[in-house]
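A short reminder: the numbers here are calculations on the coordinates, not readings from a lab. This is a predicted model, so every value here is computed, not measured. Cβ atoms come from the backbone with ideal geometry, glycine included; neighbour counts cover every protein chain shown.
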Amino acid sequence: MIFYSKFFEKTTYQRALACCPKHNNRLKPVGTIFLILIFNLFFISKINAQIINNQILTIKQALEISKKNNPLIEIAILENKSTKMLVKTAYDIPKTDFSGQYGNVNDFRVDYSFNISQSFAMPHVYARNKAFLESQSNITNKNIDVQTQMLMRDTKLAYITLAYIYEKNVLYQKQDSIFSILEKIANARQKSGETSKLEYLNIQQKAQELKFFYAQNKQETNLRIIQLQKLLYVPNNFNNFNIENLKNIKLAKPDTNKKVNFALLDQKKEFIEAQKKYTNWQKSLLSPDLKVGYYTMQEGEERNKNLHVLQLGVAVPIFNQAQKKRVEESRILEKISEENYKNTETQATFDLNFIAKQHEKQKLALNYYENEQLPRLRELEKLAQSAYKNGETGYFEVLQVQFSVFNAEMQYIQELNAYLDNLVHWQYFTGSLEE
């Protein structure tokens, strides 16, 4: 926010006079306005710092909130619980068959019979089914890690992007203040006859253009807040909080010795194992089934009163072409799973190499801005302001330097945002998002 009150302008004007004794007796309205600009920008930066420091939501806290609140993690946990329950269904025995007879079987006298039978698959069929169901449970267990890592990655990226947008707002706010005063200066110069109306119109057009970009960035801020709210799964009053300054966000630097190691790749590997176990289970279904039964019968009162029979049988899959096709189809799916794994690993390796090269490029750019361009421009800004106070230069020369500082700072935060985004992607591919 920028506050311009009569009291504030008055105290600022007094400060300007105190700092510029050489201008005390010859300050024109244009020069006065410009000095007010210099001091206002100084106090605005302090106000912004105070606002940002209220109720800070750190990136670590954002990660904890997203993991706790976002339903995707809970859904993955419930899916894992359901597949663990299915493991207990591996030994699924078919229904037991009970049957009986009552009537005239051999002659006019009444006969009674009772039969019980049970079929079973071969023992290895149940064992292979259990192995397959356990592999399905392993996949859903890995999915918890997959969802967690993706959520952490997206939360970090959304947080960093919002911090970047906030930083742009601060720069636009500062520059908007400069152009607001510059419009007054150009208007005063025009009225005093120092310059033509063209200069004023040119400044006015640039000021309106900057206001448009500033307003557009504010709308972008609202969109990014909603994006972070969605990931944190918090109500709309989230925007009462502030987040860390972009320049204060610290992430672990890449370790070039680390290889590709992220949950999605591990899950792809589990898919291969699960498909192999499914193939083994389907092959086992070509085995014959066993059948065991017991039969008892009582013939009329004067004949055989109790007949007992133990039954053993084997169900042979003579018509097994359909099952064989299922086995062939499962083997094809095995190859697909293996190719998917190889492709994911290869692409991730390329991405990691690209990220490493990009990191070196971005580090070089940040080093240039932090240690060379920005310090040099800020020193130049101080010299220009000092020269103006001593009457050695005009305000447009000072403003030109300030515009250069603004552009350099905007380029710097763009590079910093890209640098932090790159680090998050490196952490994702190496499984180090907790760092």
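Count Lys and Arg as plus one, Asp and Glu as minus one, and take only other residues whose Cβ is under 12 Å from that of residue 331; the net charge is then +2. Counting other Cβ atoms within 10 Å as a rough exposure proxy, the listed residues 246, 78, 157 run 78, 157, 246 from fewest neighbours to most.
Mean silhouette area of segment 72-146, derived from the convex hull of its C-alpha atoms and averaged over all directions, reads 7.3 nm². Here, P(r) means the percent of Cα pairs in each 10 Å bin from 0 to the largest distance; for segment 328-425 it is 14, 25, 19, 15, 11, 7, 5, 3, 1. Other residues lying with their Cβ under 15 Å from the Cβ of residue 121 contribute a combined charge of +3, Lys and Arg counting +1, Asp and Glu -1. Of the peptides 207-219, 281-293, the ranking by mean beta-carbon count within 10 Å, highest at the top, reads 281-293, 207-219. Expressed per residue, the C-alpha convex hull volume of segment 305-368 stands at 154 Å³. Within a straight-line Cα-Cα reach of under 17 Å, residue 291 can be paired with the following lysines, leaving aside sequence neighbours fewer than 8 residues apart in one chain: 95. Projecting the Cα atoms of 346, 366, 429 onto the charge dipole of segment 311-435, computed from C-beta unit charges around the Cα centre, puts 346 farthest toward the positive end. For a 21 Å ceiling on Cα separation, which of these pairs sit above it: 81/335; 156/247; 269/324; 191/211; 68/156; 268/342? Those over the limit are 81/335; 269/324; 191/211. Electrostatic tally near residue 369: other residues with Cβ closer than 10 Å to its Cβ, Lys and Arg +1, Asp and Glu -1, net -4.
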